[in-house]
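What follows is a single structure, written as structure tokens, with notes after it.
The values are calculated or read from the model by the stated rules, or taken from the named source; none is laboratory data. It should be emphasised that the depicted structure is a prediction, and the values quoted were computed from it without experimental measurement. Cβ placement follows ideal geometry from the backbone for every residue including glycine, while neighbour counts extend to all protein chains displayed.
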Amino acid sequence: MHQFSDLISNVVEITLRDISERSQAISLGLQTSSSTSLIIGLKTIQMQRTVLLTGILSMFEAELQKVFPSKSPFKECGIFLQEIEKNDLAIQLESFKEAINVLKHGKGRSYDSLFI
């Protein structure tokens, strides 16, 4: 089986290319029309990005659980990163996790941590 890291790069590249092409086509259409289908297209693209991000992070969490088999693999990974003096990376990992939680759940503890 192929490694997560090998596959995810391809998935992201293909998906973002598709999203970019559709965004450009919709943007061109919006220059001459404000039809409902174009607006729905933009909302669909926004949702597709959210699904991509939350899916990637969920799959990454599954990979982390193989290395840090606990109920909190992100927390364990953050502690490990701090132990090896990769504090900036630990902070980024926590920020990504909180941002995805905001996408999934809306305002709450993660939102407050990021924005307040």
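Odds and ends about this structure:
- Tally of residues being in a loop (DSSP other than H, G, I, E, B) and either touching a residue at least 24 places away in the same chain (Cβ under 8 Å) or of a type in the set (Asp, Glu) (or both) across the range 52-92: 1
- The one condition in (1) under 28 Å from Phe115 (Cβ atoms); (2) exposed (fewer than 12 other Cβ atoms within 10 Å of the Cβ) that Pro69 fails to fulfil: (1)
- Residue within the range 31-39 that is modelled with pLDDT of 90 or more and either hydrophobic (A, V, I, L, M, F, W, C) or closer than 18 Å to Ser113 by Cβ (or both) present: yes
- Any hit, the range 31-45, residues being part of a helix (DSSP H, G or I) and either touching a residue at least 24 places away in the same chain (Cβ under 8 Å) or outside the structural domain of Ser9 (by TED's automatic domain parsing) (or both): yes
- Qualifying residue in the range 3-15 (condition: surrounded by 14 or more Cβ atoms within 10 Å (Cβ to Cβ), at pLDDT 90 or above and not assigned by TED's automatic domain parsing to the domain that holds Ser113): yes
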